[in-house]
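Colleague: Have a look at this one before I ask anything.
The values are calculated or read from the model by the stated rules, or taken from the named source; none is laboratory data. As the structure is a computational prediction, the values presented were derived from the model and not from experiment. Cβ coordinates were reconstructed from backbone atoms using ideal geometry, including for glycine residues, and neighbour counts include every protein chain displayed. Keep in mind that these areas ignore ligands, DNA and RNA; they rest on the heavy atoms of the full protein, side chains included. Shrake-Rupley method; radii C 1.70, N 1.55, O 1.52, S 1.80 Å.
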Amino acid sequence: MLELKNVNKSYLEGNIKHTVLSNLNLHVSNGEIIILFGKSGSGKSTLLNIISGIDVPDNGSVLIDGTDITTLSEKERTLVRRNKVGFIFQFFNLIPTLTVKENLLLPLELTGTNNTEERINSILSEVGLANRAITYPDKLSGGEQQRIAIARALVHNPHIILADEPTGNLDYETGLQIIDLLDRVVKKKEKTMIMVTHSKDVIGLADKIYSLKEGRLKEVKKESVFE
Ligand code: ADP
Ligand code: MG
């Protein structure tokens, strides 16, 4: 379970306070898939960073499985993030000097997970790239790199997946394939997912859709997304 209560976040630009999130509330049940729309600069990445504990709110609470991560030390928050959250980025963020397999080994080593070989082979099969384990990321297409990044987000079995514009750097067709893959693996593994996107092709997989505007979330009905 994931819950945000009265979360505020602002940045100072010189002397001017710029409010990004304003008394924001969110409740996500286990296994729910949330789609988050919002204009550029509306605070979507800030929100995901706060949920993952990369960033901290000015005040308010962020409860992950009942623990308010805003009360933890940075070290403790890092441990929660490593174990419970998998992150998928717009620009994939694979480590270029490591092979596919070595990229996937990192989250497993950081969380002290066993059966690394088995887990890597299994997740690579699930994303359809079982034969690319010893390839370097720059030898892969954008779509393939994002498949590996999805594998990396899932390999250590975190229960929350955060995806920040995962199709934003891909052509339309490849984007659809990535959405299809996320739909399949995230639902099969019963993960909770929050996906930030500008693509209306994702609404089929959403349990709930929110729009972030003026620092707050507003639920959007599926029917009205196309209005
Ligand atoms: P989005 O992902 O919706 O495009 P962001 O969360 O990246 O928006 O940014 C929201 C606002 O907060 C923007 O105006 C951005 O300039 C500002 N912002 C984000 N991070 C920082 C930071 N570390 N320092 C100052 N301002 C920031
Ligand atoms: Mg962003």
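Colleague: If you average the alpha carbon positions of the stretch 100-148 and of the stretch 179-194, how far apart do those two centres end up, in angstrom?
Modeller: For the stretch 100-148 versus the stretch 179-194, the Cα centre distance is 17 Å.
Colleague: Sticking with this structure for a sec: Calculate one ³J(HN,Hα) per residue across the stretch 38-43 by plugging θ = phi - 60° into the Karplus curve 6.51 cos²θ - 1.76 cosθ + 1.60, and present them in order as whole Hz with x for glycine and proline.
Modeller: x, 5, 4, x, 7, x
Colleague: Of all GluC sites (Glu not before Pro) in the stretch 118-213, which ones are in loop regions per DSSP and have a Cβ with at most 12 other Cβ atoms within 10 Å?
Modeller: 190
Colleague: Kindly provide log₁₀ I(q)/I(0) values, in the same order as q = 0.13 Å⁻¹, from the Debye equation applied to equal alpha-carbon scatterers of the chain.
Modeller: Taken in order of the listed q values, log10 I(q)/I(0) reads -0.77.
Colleague: Give me the 1.4 Å probe accessible area per residue for the chain, excluding ligands and nucleic acids, in Å².
Modeller: Per residue, the chain has 49 Å² of solvent-accessible surface.
Colleague: Over the chain, what percent of the accessible surface lies on carbon and sulfur atoms, probe 1.4 Å?
Modeller: 48 percent
Colleague: Give a quick list of chymotrypsin sites (Phe, Trp or Tyr not before Pro) in the stretch 1-101 that DSSP marks as loop, anything other than H, G, I, E or B, with at most 13 other Cβ atoms within 10 Å.
Modeller: Passing both the DSSP loop test and the Cβ count: 91.
Colleague: Specify the angular offset, from 0 to 90 degrees and rounded to the nearest 10, of the alpha carbon long axis of helix 100-110 from the longest principal axis of the alpha carbons in the chain.
Modeller: The two axes meet at around 60 degrees.
Colleague: 222 nm [θ] for the chain, helices only, -39500 (n - 2.57) per DSSP H run of 4+, per residue, to 500?
Modeller: -10000 deg cm²/dmol
Colleague: With θ set to phi - 60°, apply the Karplus curve 6.51 cos²θ - 1.76 cosθ + 1.60 along the stretch 7-21 and write out the HN-Hα couplings as whole Hz, x wherever there is a Gly or Pro.
Modeller: Listing the rounded values in order: 7, 10, 8, 9, 10, 8, 10, x, 9, 9, 7, 10, 7, 9, 10 Hz.
Colleague: From the cross-link list 17/84; 187/221; 139/208; 17/44; 75/218; 101/222, which pairs have alpha carbons spaced over 28 Å apart?
Modeller: Pairs exceeding the cut-off: 17/84; 139/208; 75/218; 101/222.
Colleague: Take the chain, mark every one of the trypsin sites (Lys or Arg not before Pro) that falls in a DSSP loop and has at most 11 other Cβ within 10 Å, then report the longest stretch left between them, sites excluded.
Modeller: Segment 40-220 is the longest.
Colleague: Leaving out same-chain residues fewer than 8 places away, which aspartates and glutamates sit with a Cα under 19 Å from that of residue 191?
Modeller: 3, 32, 65, 126, 164, 165, 180, 183, 207
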